[in-house]
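Contents: one structure, followed by commentary.
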Amino acid sequence: MTVEEVGVLSKDIPLPKGYLPPAALPDSLALLPPPPAAGSAAKAADQEAFEAAKLASAARLTLATSDADLNWPHVVQSFEPLVGTSLSDGSKPHVEMLLRRAMADGGLSTYKAKNNYQRVRPFVENGGGSCTPGDEEALRHDGSYPSGHTAIGWTLALVLAELVPDRADAVLQRGYDFGVSRVVCRVHWQSDTVAGRVIASATFARLQADPVFAAQLAQARRELAAAGH
């Protein structure tokens, strides 16, 4: 995948185009350091996190498996109880489009670094498989650093925290855990997820300066206010 594509960030459902043209996306290759080198303390920390993830409970593994699914509306449904309203039932079209377009920007912003580094996934390097066996063949050919899933989850959390600031702490914790799920699934190193949040934050900063995003954000706020939020 390249940033020039609309981007199919899920197995079945293509996302709409993001708000940002390719040239306006954050340059993940320039913003991020290289992934941890073999033999470094950072790489040892990544391996330690990989080993610790093997101890995840069955419930946490189930959540991680669910978080792997980026299809709409599934990707946003774990945020709905925290926000206190549906984000995907068709009653708030501006909210839905805001989230779907922003997550496209968040995911695509990772690909300049991904394509350059082509970091090997932890389940490939260590063996043993992942929590989503059906995705493994594709993941073997998709760079691990930075994590696109993490960037998407963190982008969704940042947008929702902006929309519903009184629920921001819970929403941001969910967005953070969305990235942790990638480590639990053994498809990303811990440093991949840290880098994914960095790029998502840079993307959100760019979005705030985009007039179309700002206009849709205002409409989304009106929809949530009309729903009592």
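Of the residues making up the range 175-197, those that are hydroxyl-bearing (Ser, Thr, Tyr) and open to solvent by 10 Å² or more (accessible area, probe 1.4 Å) number 2.
State which residue is most open to solvent (accessible area, probe 1.4 Å) when the search covers only the range 131-157 and only residues that are part of a helix (DSSP H, G or I), in contact with a Gly (Cβ under 6 Å, 6 or more places away or on another chain) and not aliphatic (A, V, I, L, M). Among those that are part of a helix (DSSP H, G or I), in contact with a Gly (Cβ under 6 Å, 6 or more places away or on another chain) and not aliphatic (A, V, I, L, M), it is TRP154. Residues that are crowded, with 24+ Cβ neighbours inside 10 Å and either under 12 Å from the mean Cα position of the chain (by Cα) or among the basic types (Lys, Arg) (or both) were ranked within the range 198-208; the one that is farthest from PRO133 (Cα to Cα) is THR203. Filtering the range 96-130 to residues that are touching a Ser or Thr at 6+ places or on another chain (Cβ under 7 Å), within 20 Å of GLY175 (Cα to Cα) and either surrounded by fewer than 23 Cβ atoms within 10 Å (Cβ to Cβ) or free of Cβ contacts under 8 Å to residues at least 24 places away in the same chain (or both) leaves only GLU96. Touching a residue at least 12 places away in the same chain (Cβ under 8 Å) and surrounded by 19 or more Cβ atoms within 10 Å (Cβ to Cβ): does that describe LEU172? No: the conditions fail for LEU172. Being of a type in the set (D, E, K, R) and touching a residue at least 24 places away in the same chain (Cβ under 8 Å) is the filter; apply it to the range 137-169 and report the residue that is farthest from SER201 (Cα to Cα). The selected residue is ASP142. Of the residues making up the range 48-67, at least one is under 24 Å from LYS112 (Cα atoms), surrounded by 20 or more Cβ atoms within 10 Å (Cβ to Cβ) and modelled with pLDDT of 95 or more.
Of the residues that make up the range 96-106, is at least one of a type in the set (Asp, Glu), assigned to a helix (DSSP H, G or I) and in contact with a helix residue (DSSP H, G or I) (Cβ under 9 Å, 6 or more places away or on another chain)?
Filtering the range 96-106 down to residues of a type in the set (Asp, Glu) leaves 96, 105.
If we keep only those that are assigned to a helix (DSSP H, G or I) as well, we get 96, 105.
Right, trim to in contact with a helix residue (DSSP H, G or I) (Cβ under 9 Å, 6 or more places away or on another chain) and you get 96, 105.
Taking every residue of the range 96-106 in turn, at least one turns out to be of a type in the set (Asp, Glu), assigned to a helix (DSSP H, G or I) and in contact with a helix residue (DSSP H, G or I) (Cβ under 9 Å, 6 or more places away or on another chain).
Being open to solvent by less than 40 Å² (accessible area, probe 1.4 Å), at pLDDT 95 or above, under 30 Å from PRO73 (Cβ atoms) and of a type in the set (S, T, N, Q) is a property that holds for SER28.
Which residues, taken from the range 73-95, are open to solvent by less than 30 Å² (accessible area, probe 1.4 Å), closer than 20 Å to GLY196 by Cβ and outside any helix (DSSP H, G or I)?
Answer for the range 73-95, where residues must be open to solvent by less than 30 Å² (accessible area, probe 1.4 Å), closer than 20 Å to GLY196 by Cβ and outside any helix (DSSP H, G or I): just PHE79.
The values are calculated or read from the model by the stated rules, or taken from the named source; none is laboratory data. Keep in mind it's a predicted model, so treat the numbers as computed, not measured. Every residue, glycine as well, gets a Cβ built from its backbone with ideal geometry; the counts of neighbours run over all protein chains shown. Each accessible area value is taken on the protein alone, full model and side chains, heavy atoms only, with ligands, DNA and RNA left out. Shrake-Rupley method; radii C 1.70, N 1.55, O 1.52, S 1.80 Å.
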